[in-house]
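Engineer: A single structure is presented below for examination.
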Amino acid sequence: MSIIKKVAAINDISGVGRCSLTVIIPTLSTMGVQVCPVPTAVLSAHTGYTDFVMSDLTEFIPSALKHYEKLKMNFDCVYTGFLGSIEQIDYCLDFFNAFPDALKVVDPVMGDDGKCYATYNDTMCRELKKLVSKADVITPNLTEAAILLEEEYPSQLSSAMAKSWLAKLSIMGAKTVVITSVPMIDKGIYNIGYDKERNAYWKVKISEVPFHCSGTGDMFASVLVGGLLKGDSLPIAMNRATSFTELAVKTTYSYASQPLDGVMFEPCLSWLSGYQVLREFTNL
């Protein structure tokens with residue numbers, strides 16, 4: 001058995017604007033995890049840019065799976081992100097079925113700031129629940145959690161409501177649920193998580209920065225996945241992911257980088273390879 005964990009990362013790749021696979025690959029690689037990209041689409045730039053060019057790769061996904069099965073390939077994790085069609089959801093389920101022992105991670109990329117992305121509709125969001133139901137780990141942001149639960153998007157959550165949402169999401173199937181960037185009633189913003197097997201709820205506070213850029217969700221989920229694959233407990237993995245994402249956002253802000261360019265993580269990778277843990281974490 002290889003000491004290097006191997007992840008099949010099913011996501012899009014954008015040439016300009018750091019997000020998706022251009023964030024996932026270097027982040028997980030720095031953590032000592034081999035990333036095997038399975039692109040769902042290739043974009044000239046991410047969808048925040050106008051007039052971007054996109055090539056759909058839906059039919060590549062089952063072809064790649066057939067090749068991996070022929071090679072008798074084994075993956076320690078199958079990790080899905082941005083999907084461009086209902087067919088891609090079904091093909092991700094095929095990946096899950098083909099590698100039953102792999103950690104199944106779904107970052108249910110559907111929207112942000114209370115709104116769905118332009119590439120998603122009600123049918124896509126509804127069908128994505130099938131993938132979420134088969135996952136071991138899900139990492140929605142607050143908008144995506146609300147969509148999955150068919151709840152109104154809240155301006156903030158109380159501790160009791162946060163626990164309720166986490167538990168309801170876990171009932172869909174995942175053993176581990178993390179909701180990112182949650183405004184809590186105590187005025188802080190937290191990443192919150194639930195470990196169903198231990199019935200334990202956790203929160204890690206985020207230092208607020210007056211800046212928003214693409215790629216932070218992909219970065220957080222990638223570090224979380226890397227930590228879990230390396231044996232971190234959920235609160236330690238959340239701690240590590242929060243700390244690194246915060247460092248990268250602060251670095252991006254300090255250089256006055258344009259938000260559309262995405263999170264400036266490259267100068268921060270040495271921190272990640274050192275495996276420091278800086279944030280405090282507490283029970284939710």
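Engineer: At what distance in angstrom do the alpha carbon centres of the stretch 197-213 and the stretch 3-55 lie from each other?
Structural biologist: 23
Engineer: Specify, per residue and in Å³, the volume enclosed by the convex hull of the alpha carbon atoms belonging to the stretch 1-134.
Structural biologist: Hull volume normalised by residue count: 110 Å³.
Engineer: OK, next. Taking the stretch 112-196, which trypsin sites (Lys or Arg not before Pro) meet the DSSP loop condition and have no more than 11 other C-beta atoms within 10 Å?
Structural biologist: Lys187
Engineer: log₁₀ I(q)/I(0) of the stretch 162-272 at q = 0.13, 0.14, 0.20, 0.23 Å⁻¹, via Debye over equal Cα point scatterers, no solvent, to two decimals?
Structural biologist: Summing over Cα pairs of the stretch 162-272 leads to -0.50, -0.58, -1.06, -1.27.
Engineer: Taking 8 Å as the Cα distance limit and 6 or more residues as the minimum spacing, I'd like the relative contact order of the chain as a percentage.
Structural biologist: 16
Engineer: Sticking with this structure for a sec: Taking every Cα atom in the stretch 76-230, find the radius of gyration and the maximum pairwise distance Dmax, and write them in Å.
Structural biologist: 14.8, 44
Engineer: I'd like the antiparallel share, as a percent to the nearest 5, of DSSP beta bridges with both residues in the stretch 5-283.
Structural biologist: The answer is about 45 percent antiparallel.
Engineer: Using only helices, what value at 222 nm comes out for the chain when you add -39,500 (n - 2.57) per DSSP H run of length 4 or more and divide by the total residues, to the nearest 500 deg cm²/dmol?
Structural biologist: Per the formula, -12000 deg cm²/dmol.
Engineer: When the Cα centres of the stretch 107-166 and the stretch 246-270 are compared, how far apart do they sit, in Å?
Structural biologist: After rounding, the separation between the Cα centres reads 26 Å.
Engineer: Still on this structure, please answer the following. Along the positive direction of the dipole of the stretch 186-284 (beta-carbon charges: Lys, Arg +1; Asp, Glu -1; about the Cα centre), which of Met264, Pro235, Leu247 reaches farthest?
Structural biologist: Pro235
Engineer: Can you check what the net charge comes to around Ala200, using other residues whose Cβ is under 13 Å from the Cβ of Ala200 (Lys, Arg +1; Asp, Glu -1)?
Structural biologist: So the surrounding residues net to +3.
Engineer: When the chain is treated as a GNM, springs tying every alpha-carbon pair under 10 Å, which of Glu87, Glu69, Glu246 comes out with the largest mean-square fluctuation?
Structural biologist: Glu69
Engineer: Okay, moving on. If you wrap a convex hull around the alpha carbons of the stretch 5-283, what volume per residue comes out, as a whole number of Å³?
Structural biologist: Taking the convex hull of the Cα positions in the stretch 5-283, it is 117 Å³ per residue.
Engineer: Run the paramagnetic zone check for Met54: 7 angstrom along Cα to Cβ, then residues of the stretch 1-42 with backbone nitrogen under 17 Å.
Structural biologist: Backbone N within reach: 10-22, 39-42.
Engineer: Be a star and scan the stretch 27-56 for residues whose amide nitrogen sits under 20 Å from the point 7 Å along the Cα-to-Cβ vector of Lys130.
Structural biologist: Those under the cut-off are 40-41.
Engineer: Nearest 20 debye, what's the magnitude of the dipole of the chain about its Cα centre given +1 on Lys and Arg Cβ and -1 on Asp and Glu Cβ?
Structural biologist: Using Cβ point charges on Lys, Arg, Asp and Glu, the chain gives about 860 debye.
Bear in mind these aren't lab numbers, they're just calculated from the coordinates by the rules spelled out. Values in this document were obtained by computation on a predicted structure and should not be read as measured data. Ideal geometry is used to build each Cβ from the backbone, glycine not excepted, and the neighbour counts take in all protein chains shown.
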